[in-house]
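Shown next, in structure tokens, is the structure this report addresses.
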Amino acid sequence: MIQERTKIRVRYSETDQMGFVYYGNYATYLEVGRVDVMKKAGISYRKLEEEGIGLPVREMNIKYKQAALYDDEIEVITTIREMPDRFITFDYEIMRGDELLITASTTLFFMEKGSNRLTRMPQKMHDQLKPFFS
């Protein structure tokens, strides 16, 4: 298992007229967490794309428990619980201090750019993730 914690300050532009984070902006927060957990493992989205691998989202699930508000400092806790193969699933919790705001998951798949075909995770990425799952 690999996990990373990312702190984000809610900006005014991310809120609606009631001061709540607009629901669609949580997808961006999840992406920030996803990129950070990959960086922790030494994996760069840019390098994957340069090597001809895309990672499109196949599925996203979010459960809203409480709203984040303008100027809140929130923490996105992103976890990869299982070693990926053709698909990689990220689990998330978004917290405000000790208060759980959101639980979510996204599943992405490894795609050969150009042909847009499903493929396996690159061996180099497997090698970089393996220590976290041993």
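No value in this document is a laboratory result; all are computed from the given coordinates. Please read all numbers here as calculations on a predicted model, not as lab measurements. Counting neighbours? That spans all protein chains shown, and the Cβs are built from the backbone with ideal geometry, glycine included.
Some values worked out for this structure:
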read-out: Base-10 log of normalised Debye intensity for the chain (one unit scatterer per alpha-carbon) at q = 0.14 Å⁻¹; value: -0.65
read-out: Whole-Hz ³J(HN,Hα) from phi, Karplus 6.51 cos²θ - 1.76 cosθ + 1.60, for the stretch 3-18, glycine and proline x; value: 9, 9, 10, 10, 8, 9, 9, 5, 8, 4, 5, 8, 10, 9, 5, 8
read-out: Sequence-separation-based contact order of the chain, relative, with Cα cut under 8 Å and 6+ spacing, percent; value: 29 percent
read-out: Pairs of lysine residues in the chain - Cα separation under 16 Å, sequence separation of 8 or more or cross-chain; value: 9
read-out: Interchain or long-range residues, amide H under 5 Å from residue 101's placed H; value: 94, 95, 96
read-out: For peptides 126-133, 104-111, sequence by mean Cβ density within 10 Å, most packed first; value: 104-111, 126-133
read-out: Formal net charge of residues neighbouring residue 57 (Cβ-Cβ distance under 12 Å; K, R +1; D, E -1); value: 0
read-out: Derived scalar couplings ³J(HN,Hα) [the stretch 82-90; Karplus, 6.51 cos²θ - 1.76 cosθ + 1.60; whole Hz; x for Gly, Pro]; value: 10, 5, x, 9, 9, 10, 10, 10, 10
read-out: Beta bridge orientation in the chain: antiparallel %, DSSP, nearest 5; value: 100 percent
